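The values are calculated or read from the model by the stated rules, or taken from the named source; none is laboratory data. Bear in mind the structure is a predicted one, so any value in this text is a computation, not a measurement. We place every Cβ from the backbone using ideal geometry, glycine too, and count neighbours over all the protein chains shown.
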Amino acid sequence: MSAGDLTGKVAIVTGAGQGLGRAYAVALARAGASVVVNDLELRVAEETAALAGGRATAMAGDVGDRATADALVARAVEAFGRLDVVVTNAGVLRDAVLWKMTDEDFDLVVRTHLRGTFLCARAAAIRMREQGQGGRIIVVGSPAGQHGNFGQTNYGAAKAGIVGFARTWAAELARAEITVNAIVPTAWTAMTATIPIYKPLVARVAAGEPLPAAVRREHAVGMPEDCAGLVVFLASSAGSGITGQAIGVGGDCLCLYSHPSEVVTEVRGGGWNVDAIAATWQEHFAPQLQPYGIRLPKLELA
Ligand SMILES: NC(=O)c1ccc[n+]([C@@H]2O[C@H](COP(=O)([O-])OP(=O)(O)OC[C@H]3O[C@@H](n4cnc5c(N)ncnc54)[C@H](O)[C@@H]3O)[C@@H](O)[C@H]2O)c1
């Protein structure tokens, strides 16, 4: 039995009609799992299910609706008898700077990512706890959520919230032996192809050229299949002791993120008034101010 053997396991992957979700669904099926493939459109979900092979079933639905989350779990149980793994991958972008972001774009992105992850994970956790045999919840963050990113008020906040979910749910579900981890993938998909710095690569990748080695190494961007091994690893018995983590994967890179924690703490009897803060700031806090925003090395891609 290989490290990633998922024979007899049943998984749900949301937003799996293309991109990363499709790669996860196909990899989980190849590792032996039966897979429920979700997307907004049945046609693309069915295409993925066909690629995944005989042990996959497609179901359309918006993950922002509670009915979709409940129906996905019900389908896993009806079609395959149980549920072991859920990957809450469905996602959408509506980028704009804060002062130009509409209510609709804010709500759509938060609803799809944050509410969709909550609804699917809750439905899965209820079923996994009833089964009493543990399980795996794999949620999906983003570098935008880890660092903040220009133009991504809605997305950055939703993705940071999702990593927060993983830390909270890992604690809540530990007793039931359900692990909860956030993966932070980076890959060439419909989503990344819209990023201005990668514009010179769009035609080349479409023509079948591999991504330049520097992009895979320095930007951690490869193809979706490069991220699928981490999903299979976490879903398998090899991932059983791992929970509450945020793990990055993409191109040639695999990384473990830190969780936010205090970098400086000063204690003052009676608390901190403005003069006391001003007096200590320069010496103890100013040297420790934290970087923010995604910072990628500059690459010559033309
Ligand atoms: N591509 C990257 O580099 C990258 C980086 C960080 C995070 N991510 C995250 O990975 C996930 C997949 O990204 P991708 O690049 O493959 O994107 P993609 O746009 O190629 O695929 C997203 C899929 O989700 C589906 N979807 C959208 N809204 C949905 C909804 N409400 N219900 C069900 N399905 C829905 C879409 O139809 C699409 O098939 C997303 O959560 C994304 O935020 C991607």
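Selection within segment 97-125: residues that are within 20 Å of residue 17 (Cβ to Cβ) and of a type in the set (S, T, N, Q). The member of this set that is farthest from the ligand (Cβ to nearest atom) is 117.
From the list 225, 262, 266, which residue is charged (D, E, K, R) and either touching a Gly at 6+ places or on another chain (Cβ under 8 Å) or more than 30 Å from residue 169 (Cβ to Cβ) (or both)? Show your work before the answer.
Numbers: 225 fails: either touching a Gly at 6+ places or on another chain (Cβ under 8 Å) or more than 30 Å from residue 169 (Cβ to Cβ) (or both); 262 fails: either touching a Gly at 6+ places or on another chain (Cβ under 8 Å) or more than 30 Å from residue 169 (Cβ to Cβ) (or both).
Within the list 225, 262, 266, the selection yields 266.
Of a type in the set (S, T, N, Q) and touching a residue at least 60 places away in the same chain (Cβ under 8 Å), is that true of residue 186? Criteria met by residue 186. Scanning segment 1-41 for residues that are among the charged types (D, E, K, R) and crowded, with 18+ Cβ neighbours inside 10 Å turns up 9, 22, 39. With respect to the conditions (1) near the ligand (Cβ under 8 Å from one of its atoms); (2) in contact with a Leu (Cβ under 7 Å, 6 or more places away or on another chain), residue 33 lacks only one, and its number is (1). When you scan segment 252-262, do you find a residue that is at pLDDT 95 or above, surrounded by fewer than 19 Cβ atoms within 10 Å (Cβ to Cβ), farther than 30 Å from residue 135 by Cα and more than 17 Å from the chain's Cα centre (by Cα), even just one? Yes, because at least one residue in segment 252-262 is at pLDDT 95 or above, surrounded by fewer than 19 Cβ atoms within 10 Å (Cβ to Cβ), farther than 30 Å from residue 135 by Cα and more than 17 Å from the chain's Cα centre (by Cα). Scanning segment 145-195 for residues that are within 15 Å of the ligand (Cβ to nearest atom) and among the charged types (D, E, K, R) yields a single hit, 159.
Taking the criterion of being in contact (Cβ under 8 Å) with a residue 40 or more places away in the chain, surrounded by fewer than 18 Cβ atoms within 10 Å (Cβ to Cβ) and not charged (D, E, K, R), the residues of segment 162-177 that qualify are 171, 174, 176. Listed here are the helices (runs of 4 or more DSSP H) enclosed by segment 188-273 that have at least 2 residues being under 21 Å from residue 93 (Cβ atoms) and of a type in the set (Val, Ile, Thr): 199-206.
So in segment 64-96, with the set limited to residues that are touching a residue at least 60 places away in the same chain (Cβ under 8 Å) and of a type in the set (Asp, Glu), which one is nearest to the ligand (Cβ to nearest atom)? The residue in question is 95.
Among the residues of segment 143-159, is there at least one that is surrounded by fewer than 16 Cβ atoms within 10 Å (Cβ to Cβ) and among the hydrophobic types (A, V, I, L, M, F, W, C)? Yes, segment 143-159 contains at least one residue that is surrounded by fewer than 16 Cβ atoms within 10 Å (Cβ to Cβ) and among the hydrophobic types (A, V, I, L, M, F, W, C). Consider residue 86 carefully, then state whether it is of a type in the set (A, V, I, L, M) and either crowded, with 24+ Cβ neighbours inside 10 Å or over 23 Å from residue 186 (Cβ atoms) (or both). So residue 86 passes the test. Taking the options 206, 235, 228, name whichever one is within 23 Å of residue 26 (Cβ to Cβ) and touching a Lys or Arg at 6+ places or on another chain (Cβ under 6 Å). Every option except 235 fails the conditions. Could you tell me which of the residues 111, 136, 115, 43 is under 17 Å from residue 24 (Cα atoms) and either within 16 Å of the chain's Cα centre (by Cα) or without any contact (Cβ under 8 Å) to a residue 40 or more places away in the chain (or both)? Of the residues listed, the single one that is under 17 Å from residue 24 (Cα atoms) and either within 16 Å of the chain's Cα centre (by Cα) or without any contact (Cβ under 8 Å) to a residue 40 or more places away in the chain (or both) is 136.
Residue 245 meets all of the listed conditions (1) farther than 18 Å from residue 147 by Cα; (2) of a type outside the set (A, V, I, L, M); (3) at pLDDT 95 or above but one, namely (1).
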